Amino acid sequence: MRYISTSEACWRIFQFDLHYRDPAVERLPFHLENEQQVIFPDSTDLDKIVTREGSKSTKFTQWMEANKIYELGKELTYAEFPTKFVWKRETKCWQKRKRDYAIGRIYYAHPASGERHYLRMLLNTKKGCTSFEDIRTIDGVPHPTYKSACQALGFLDDDTEWIDCINEASSWASGAQLRQLFTTILSHCEVTNPKILWDSTWEALCEDMQYKRRIILNIPTLQLTNTQKQAYGLIEIEKLMRQVGKSLKEYTEIELPNAAELDELGNRLINEEVNYDMEKLKDEHKTILNNLNQDQKKAFDKIMESVNKGLGKQIFVEGYSGTGKTYLWKALTTKLRSEGKIVLAVASCGIAALLLQGGRTAHSRFRIPLNITEESTCEIKQGSHLAELLKKTSLILWDGAPMANKHCFEALDKSLRDILRFTNENSDEKPFGGMTIILGGDFRQILPVITKGRREQIVNATIKRSYLWKHFEIFELTQNMRLKCLSDDPIQKQKVAEFAEWILQIGDGKTASDEGEDWIKIPKDLLLQKGENRKELIVESIYPNLLQKYRERDYLEERAILCPRNDTVKEINDHIMSQIQGDEVTYLSLDTVCKATTNTNIMMNMQPTEFLNTLTSPGIPDHELKLKVGLPVMLLRNINQAAGLC
């Protein structure tokens, strides 16, 4: 319960500030040379944009200009600059601060972003820079790249941990698995020198290249040179890199095979979406179509009409768990893909995406920013492989839509209107650029997560509160198809039906009083009776005969213990691990302060390492990761959607 005093009630009624920030924080953008972002209306002439006054003036470039004028600037880094200077939006220049105080925060750059990351590292230490070359100059020696400048300053560690990682895996993993690991490390980790990593591990990565070429060319005695093995290995890695939206061309240190072989790869994204066995899909679709119920068939016909006639409709399929939404998605994808059309199947979370053939998370497929705002757009450039894929797409299918923030759909809407302008007539005036969009889900389940948000803020973040919702046509699935898949045991069917009805009543609020809140009575067969050892009771009820069955994959996939707090999770995990026989292997996290941060030396001296290693944070694994053979592992990040690592 919560008590609000009269004074606090008045304060809120008059809408006085509930909190404030002191000192002010100045967000500092930065960019590579001649790569600053320019925003302009679609109707503006491009020549005028390029030549307009002030188009090349940004906070970052004007910082360098201010350092030429003010002697004080030579004593400050870019992050420290707002403490003594203030940015004037009207004149686009920095002026000496006369009053108040502010601190600077440079926008983050992921280690995988390459030169932007290394530029940010330098900006946290270099003072009084007057040009881009000045930033790269160390002890009077100009360096060709920001990365080499960071190496000269000793900011970059070696890549021993990544080399050891691949060498450790090479004792049991296949060449294809090692190449996937190499791609993951390049894409997600902070690799200092990709060439050294490649030179140190290429033999393991390309071990199966000769065997594969013998099979392809049907020459059992074929012998490849080391150079040929490396070339074929790099082509395979390039295929994997393109799956995650990257390319080996971004790593200039690695010498690529000849361009003709790489060009043959073409648009990998389009190739993936049309690489289906059409005859097999046709047969599968016939079976699925005959099993659709009346509600599913009605939605199916409407969606197919929109795709075949190019109507560009927006349809929302609503239904609680078990009503056959995934089965409907399968009917749509098999039908369209058997005709050679492209369907992009996405979901709001990685686990749900695994239920869709060729499924991906919406964020990874459409490059939706993680920190989404009302002004956000998808990071898709005209002419890119992803843009070309969207131009050829017939249908976008988005499952689990109610749990995504409305700004995600609005970002996709704005991007599709722009990308499809050369494909669909008047695309800028049509929702989603005139493409057929299918959303599915259940508003009874989890809504968008708003950090410390109240009920009204959470509801306001749903797709129903978006300007796009008025364009959607609603189809409801009401028949529980999951009950039909059960055994013929009438007692079992009755129990499952009662449970499904109970869950549905909770979701519809029918168990609550008129005020909207009430106690929920949980059936006794869903409750565990109290015992002396609670952990033992929970584990035995969820994982019966654990020691005999824990190596069986199906046994583990069908069970999970969910806990509201991370410390409870650790407590139960440790209890189960102590019962499992076998050698325990312990991996430790990296326990040094990132050198891209400001005041690195101060940060390292603030707390001893052994204390920092005891801290636990949501969304981050503990310092110690203990494993035994046979134990399941859950990932906290989507590492490789196509391989199910999500």
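Relative to the Cα centre, the charge distribution of the chain, modelled as +1 at Lys and Arg Cβ and -1 at Asp and Glu Cβ, gives a dipole magnitude of about 1520 debye. Selection among Asn533, Thr511, Ile463 by position relative to the dipole of the stretch 451-554 gives Ile463 as farthest towards the positive end (Cβ unit charges, Cα centre). Under a 5 Å amide H cut-off, with hydrogens placed 1.01 Å from N, Ala347 pairs with Arg360, Thr361, Ala362, Asp399 among residues at least 5 apart or on other chains.
Exposure proxy for Lys249, Lys524, Lys391: other Cβ atoms within 10 Å of each Cβ, ordered fewest to most, give Lys524, Lys249, Lys391.
Let's see if you can work this out: charge +1 on each Lys and Arg Cβ, -1 on each Asp and Glu Cβ, no other charges. What is the dipole magnitude of the stretch 19-152 about its Cα centre, in debye to the nearest 20? Kindly include the intermediate steps, with their values, before the conclusion.
On the way: 23 positive and 18 negative charges, 104 e Å.
It comes to approximately 500 debye.
According to the square roots a ≥ b ≥ c of the eigenvalues of the Cα gyration tensor, what is the shape class of the stretch 274-482, taking rounded for a/c under 1.5, prolate for a/b larger than b/c otherwise, and oblate for the remainder?
It is oblate, given that a/c is not under 1.5 and a/b is not larger than b/c.
Exposure proxy ranking for Trp172, Trp398, based on other Cβ atoms within 10 angstrom of each Cβ and starting from the fewest, stands as Trp172, Trp398.
Express as a percent, rounded to the nearest 5, the fraction of DSSP beta bridges in the chain (both residues included) that run antiparallel. Don't skip to the answer; put the middle values down first.
On the way: 12 of 40 bridges.
In the chain, DSSP labels about 30 percent of beta bridges as antiparallel.
Overall, the stretch 160-265 carries a charge dipole of about 400 debye about its Cα centre when +1 sits on the Cβ of Lys and Arg and -1 on the Cβ of Asp and Glu, all other atoms neutral. Its DSSP H runs of at least 4 residues, each contributing -39,500 (n - 2.57), put the calculated 222 nm mean residue ellipticity of the chain at -11500 deg cm²/dmol, to the nearest 500. For Thr287 and Lys96, the difference between the fully extended length at 0.36 nm per residue and the C-alpha to C-alpha distance is 61.4 nm. Residue separation of Leu631 and Arg105 scaled by 0.36 nm, minus their Cα-Cα distance, works out to 185.2 nm of gained length.
Determine the shape class of the stretch 160-265: with a ≥ b ≥ c the square roots of the Cα gyration tensor eigenvalues, call it rounded for a/c under 1.5, and otherwise prolate if a/b is greater than b/c, oblate otherwise. The shape class here is oblate. Listing Arg2, Arg534 from fewest to most neighbouring C-beta atoms within 10 Å gives Arg2, Arg534. The convex hull around the C-alpha trace of the stretch 51-130, projected and averaged over every direction, spans 6.1 square nanometres.
Computed from label points 7 Å out along Cα-Cβ, the spacing between Arg21 and Trp502 is 4.7 nm. Here's the picture: charge each Lys and Arg Cβ at +1 and each Asp and Glu Cβ at -1 in the stretch 160-265, and of Thr221, Ile237, Ala176 the one pushed furthest to the positive end of that dipole is Thr221. Taken along the Cα-to-beta-carbon direction at a fixed 7 Å, the label points for Cys563 and Glu584 span 1.5 nm.
Under a 5 Å amide H cut-off, with hydrogens placed 1.01 Å from N, Cys206 pairs with nothing among residues at least 5 apart or on other chains.
When a/c reaches 1.5 or more, the comparison of a/b and b/c decides; with that in mind, is the stretch 214-325 rounded, prolate or oblate per its Cα gyration tensor? Write out the running numbers ahead of the final one.
Details: a/c = 3.41, a/b = 2.28, b/c = 1.50.
Prolate.
Are any of the pairs Lys239/Lys381; Lys282/Lys309; Lys246/Lys391; Lys48/Lys126 more than 29 Å apart by Cα-Cα distance, and if so, which?
Numbers: Lys239/Lys381 20 Å; Lys282/Lys309 21 Å; Lys246/Lys391 20 Å; Lys48/Lys126 35 Å.
Over 29 Å apart, Cα to Cα: Lys48/Lys126.
Of the labelled options (1) 72, 58, 48; (2) 89, 86, 66; (3) 130, 73, 53, which one gives Cα extents along the principal axes in Å as computed for this structure? Read-out taken from this structure: (2).
Positive-end ranking of Gly104, Leu197, Tyr118 along the dipole of the chain, with charges on Cβ about the Cα centre, is headed by Gly104.
On alpha carbon coordinates alone, what is the Rg over Rh value for the stretch 404-550, Rh being the Kirkwood radius?
When Rh is taken as the Kirkwood radius, the ratio is 1.11.
We did not get these values from a lab; they are worked out from the coordinates using the rules stated. All values derive from a computational prediction rather than experimental measurement. Don't worry about glycine lacking a Cβ; one is built from the backbone with ideal geometry, like all the others, and counts go over all protein chains shown.
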